[in-house]
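First the structure, in the form of structure tokens, and then the observations on it.
Laboratory data are not the source of any read-out in this text; all were calculated from the coordinates shown. Note that the structure is a prediction, hence the values are computed from the model and not measured. Neighbour counts are summed over all protein chains in view; Cβ atoms, including those assigned to glycine, are modelled from backbone coordinates with ideal geometry.
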Amino acid sequence: MRRPGFALLEALLGLALSLLALTAGFEFFARAQRGFTQLKAREEGAQSALAAVDRMRIDLLHAGRGLAAEIALGLVEAAAADAAELRTVSLERVLELAAAAGAGDTRLALVSTADVAAGQIVVLRDGAAGEARTVVRVEPGAVVIDAPLGRDYAPAGPEGPRLALLETVAYRLDAAGVLRRRVNASPAQPLAEDIAAAGWTLEPAAPLVRLRIQPRTEGVPPHEATVFLKNAALAGRM
């Protein structure tokens, strides 16, 4: 007489079916997890590239701000680009000479050196003449520049020269795929990571800058933007 319960074959068959169901469930879960991870990586890659393009667009819109006369005279360029780097300049603030500066001088006495740092560019302009120099050292009440002045400049007044302190912003993609942004001579800060390629094309005649950022993440399209350099256009030249 057969006792109630499962035979060995039935038990093994039930166990096999249970294992099959568990395996299918784990496989489904693993695929869902991989899909979620890939989707998240794509979303993060797209957002990172978009944020980088937006930051670059803002800097390009500010390029040449407060420097119309200096740009028109050809003393500075609102933007410059090569294969390795994109650069923009704008006015950080106007400095005031504390004493006359003469031709051949490399030390400029200033009323205040607040916010001035080595590596920054200063532009001296008097009417239709002027020159740009780089600050190599900041001293109490003065700055030392990289090359002698080519002409005389009187202390600032109603008709005196203007001494402009520039803010320079530079973008560069390093070998690790990190897009970095550097302000003046400060260390470059990461703006976006896992970038496969970053390109910029300057069209001085327009004047336009075309941007293209390609994330490394598979399935993420490149982000592109075209920026009109309004301050350079208002100045009449790059």
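I'd like to know which of Leu149, Pro221, Ala30 lies farthest towards the positive end of the charge dipole of the chain, counting +1 on Cβ of Lys and Arg and -1 on Cβ of Asp and Glu.
Most positive-ward Cα: Ala30.
Arrange the following residues from fewest to most other Cβ atoms within 10 Å of their Cβ: Leu12, Leu91, Leu124.
Leu12, Leu91, Leu124
Determine the relative contact order of the range 57-235: mean sequence separation of Cα pairs under 8 Å and six or more apart, normalised by residue count, in whole percent.
Relative contact order for the range 57-235 comes out at 22 percent.
Among Gln189, Leu202, Gly127, flag the residue with its Cα farthest along the positive direction of the charge dipole of the range 79-238, charges on Cβ as +1 for Lys/Arg and -1 for Asp/Glu.
Towards the positive end, the residue furthest out is Leu202.
Apply the Karplus parameterisation 6.51 cos²θ - 1.76 cosθ + 1.60, with θ equal to phi minus 60°, to every residue of the range 190-195 and state each ³J(HN,Hα) to the nearest whole Hz, in sequence, with x for glycine and proline.
Rounded to whole hertz, the list is x, 9, 8, 10, 6, 9.
If all Cα-Cα distances of the chain are sorted into 5 Å bins from 0 onward, what percent lands in each bin, rounded to whole numbers?
Binned Cα distances yield the sequence 1, 6, 11, 13, 12, 10, 9, 7, 5, 4, 3, 3, 2, 2, 2, 2, 2, 2, 1, 1, 1, 1, 0, 0, 0.
Name the residue farthest towards the positive end of the dipole of the chain from the options Gly74, Ser112, Ala46, assuming +1 on Cβ of Lys and Arg, -1 on Cβ of Asp and Glu, about the Cα centre.
Among Gly74, Ser112, Ala46, the one farthest towards the positive end of the dipole of the chain is Ala46.
Given labels modelled 7 Å from the Cα in the Cβ direction, how far is it in nm from Ala100 to Leu20?
Simple spin-label model gives 10.2 nm for this pair.
Just need the relative contact order of the range 128-202 here, percent rounded to a whole number, with Cα pairs under 8 Å and 6+ apart.
16
Cut-off 10 angstrom, C-alpha nodes, Gaussian network model of the chain. Which of Gly64, Gly127, Gly14 fluctuates the most?
Of the options given, Gly14 has the highest mean-square fluctuation.
Stretched out fully, how many nm does the piece from Asp146 to Asp174 gain, at 0.36 nm a residue minus the Cα gap?
7.3 nm
Any idea how far the Cα center of the range 187-203 sits from the one of the range 128-168, in Å?
Here the two parts' Cα centres lie 32 Å apart.
Taking the Cβ of each residue in Phe228, Phe29 as the centre, tally the other Cβ atoms inside 10 Å and list the residues starting with the fewest.
Values: Phe228 13, Phe29 10.
Taking fewest neighbouring Cβ atoms as first place, the list is Phe29, Phe228.
With +1 on each Lys and Arg Cβ and -1 on each Asp and Glu Cβ, how big is the dipole of the range 160-211 about its Cα centre, in debye rounded to the nearest 20?
Taking the Cα centre of the range 160-211 as origin, the dipole is about 200 debye.
So, in nm, how far is label Arg57 from label Arg137 when the simple model puts each one 7 Å beyond its Cα toward the Cβ?
Taking the simple label geometry, Arg57 and Arg137 are separated by 4.5 nm.
Please determine, in degrees from 0 to 90 and to the nearest 10, the orientation of helix 8-62 with respect to the longest principal axis defined by the Cα atoms of the chain, where the helix direction is its Cα long axis.
Its long axis makes an angle of about 10 degrees.
Explain nothing, just compute: Karplus ³J(HN,Hα) = 6.51 cos²θ - 1.76 cosθ + 1.60, θ = phi - 60°, for every residue of the range 78-84 in order, whole Hz, x for Gly and Pro.
The phi angles translate into 4, 8, 9, 8, 9, 5, 9 Hz.
Put a dot 7 Å past each Cα toward the Cβ at Ala196 and Ala69; how far apart are the dots in nm?
4.9
Quick one: order Leu73, Leu60 by neighbouring beta-carbon count within 10 Å, fewest to most.
Final ranking by Cβ density, sparse to dense: Leu73, Leu60.
Could you tally the net charge around Ala81, taking each other residue with its Cβ under 13 Å from the Cβ of Ala81, Lys/Arg +1 and Asp/Glu -1?
Every neighbour counted, the sum reads -1.
Note down the magnitude of the dipole of the range 23-180 about its Cα centre, charges +1 on Lys and Arg C-beta and -1 on Asp and Glu C-beta and zero elsewhere, to the nearest 20 debye.
Rounded to the nearest 20 debye, it is 580 debye.
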